[in-house]
Amino acid sequence: MIKVIIHGLGGIGQRIARNAVERKSLEIVGAITARKEDLGKDLGELLGMDRSVGVEVTSSLTKLLEKQKVDVVMDATFSWVEDIKAFLFESVSAGCNFISVCEELAYPWGNNPRLCHEIDEEAKAQSVTVLGTGINPGFFGDLIPLAFTAACKTVDQVTFTRTTDAAGLGPSALDPFAIGKTLKEFETRLKAGQLKGFTGHRECIMEIADTLCWQISDIQRTIEPQVTECDRRGPFFRIAPGMVCGVKQETKGIGENGEVLIALTLRVVFQPDEASSAEDAAKGYGPGNFITIKGDPGLEVQVQGLTDAAGVTAIHAVNAIPYVVNARPGFLSPRDFPPFVPRKQ
């Protein structure tokens, strides 16, 4: 039985917890939230289950790590490594493997190699593994395109376009895109450089480039808003007509000669019902994942389904747990692993 602490119980964290509860090979021994109103609840109650799971929701990772031996800390809190650094090092120092859906953690070597080296050295010293994973990065934006390049003699360009439903995310996850805000606020934040958008494209680009031995001289990003015409009500959030309900973010990896080597496009849209899905499809925000590889031979791949970003991220992260527990020590990336197929429970 693998003992797991769920660190972070927002939209994705709750889905991770539900998936973990259902796995017979996993035992949740702790659950942590920053929401004061949820402290003291049984995890089953917080998740809306019809039974208790015998785990009290708390706020202290330190106390849980001091209390018992834990195999894995599963983190679902922030998108930037600096924001989870304290949790990560505390977990690793306690001898715990650490998995996070922090997008930057999937491949931060290009941004912060010194910190990556520190994480790797500490993980090796404690004989544990650190991994950042999810659906994008961790699967669609990096591993799937790379897998298809295996059929090519030469590769000249990789492009990937994904439309994902954000209805399962909470306000904190939507705020980096200004989803739920007015168009004026979106434009103000964009102009001021305060719109973070999706964190993960840069990491995917560097992972693909390093694997294909490409040199990236520049990474360029653009973000465009989508405004809703209908009222949208999700499980954690509501967006009124006239507000920003989605964004189109395109990130390009530019080669040394100015050519676009990698182009990643993500359309994040809040689609809680059929009316909103129909409106979005008419505007070109239909579901799907499209990969194009220019080379010899060229390939075009379309993958339908898997548009629920929070749900698929949670499943992929939980599927990773037994692989990480048995992996070599150190700070690893998604390309160090086979696809995380669900093991028999």
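The values are calculated or read from the model by the stated rules, or taken from the named source; none is laboratory data. Since this is a predicted model, take the numbers as computed values, not measurements. A quick note on method: Cβ atoms are made from the backbone with ideal geometry, for glycine too, and the neighbour counts reach across all protein chains shown.
Computed quantities for the displayed model
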| quantity | calculated |
| --- | --- |
| Flag if Thr77 is outside the structural domain of Asn289 (by TED's automatic domain parsing), surrounded by fewer than 22 Cβ atoms within 10 Å (Cβ to Cβ), polar (S, T, N, Q) and assigned to a helix (DSSP H, G or I) | no |
| Top-ranked residue in the range 181-195 [being under 23 Å from the mean Cα position of the chain (by Cα) and not in a helix (DSSP H, G or I); ranked as modelled with the highest pLDDT] | Lys181 |
| Given (1) in contact with a strand residue (DSSP E or B) (Cβ under 9 Å, 6 or more places away or on another chain); (2) assigned by TED's automatic domain parsing to the domain that holds Phe177, number of the condition Arg328 does not satisfy | (2) |
| Members of the range 262-292 that are in contact with a Phe, Trp or Tyr (Cβ under 6 Å, 6 or more places away or on another chain) and either more than 24 Å from Lys196 (Cβ to Cβ) or of a type in the set (Asp, Glu) (or both) | Ile291 |
| Any hit, the range 25-34, residues being surrounded by 22 or more Cβ atoms within 10 Å (Cβ to Cβ), among the aliphatic types (A, V, I, L, M) and assigned by TED's automatic domain parsing to the domain that holds Ala327 | yes |
| Checklist (1) under 29 Å from Leu195 (Cα atoms); (2) out of contact with any helix residue (DSSP H, G or I) (no Cβ under 7 Å at 6 or more places or on another chain); (3) not basic (Lys, Arg) applied to Val21, failing item | (1) |
| Enumeration of residues in the range 318-345 that are of a type in the set (Ser, Thr, Tyr) and touching a residue at least 24 places away in the same chain (Cβ under 8 Å) | Ser333 |
| Of all residues making up the range 216-248, the number that are among the β-branched types (Val, Ile, Thr), part of a strand (DSSP E or B) and buried (at least 16 other Cβ atoms within 10 Å of the Cβ) | 5 |
| Hey, Glu121 within 20 Å of Ala34 (Cα to Cα), at pLDDT 95 or above, out of contact with any Asp or Glu (no Cβ under 9 Å at 6 or more places or on another chain) and not aliphatic (A, V, I, L, M) or not | no |
| Test: residue in the range 242-261 that is touching a residue at least 12 places away in the same chain (Cβ under 8 Å), over 19 Å from Gly132 (Cβ atoms), touching a Leu at 6+ places or on another chain (Cβ under 7 Å) and among the polar types (S, T, N, Q) | yes |
| Residues that are more than 18 Å from the chain's Cα centre (by Cα) and modelled with pLDDT under 95, drawn from the range 67-109 | Lys67, Gln68, Lys69 |
| So Asp231, is it farther than 30 Å from Asp120 by Cβ, in contact with a strand residue (DSSP E or B) (Cβ under 6 Å, 6 or more places away or on another chain) and charged (D, E, K, R) | no |
| Among the candidates Thr313, Thr251, residue that is assigned to a helix (DSSP H, G or I) and not basic (Lys, Arg) | Thr313 |
| For Asn97: the one exception among (1) more than 22 Å from Ala327 (Cα to Cα); (2) out of contact with any Phe, Trp or Tyr (no Cβ under 7 Å at 6 or more places or on another chain) | (1) |
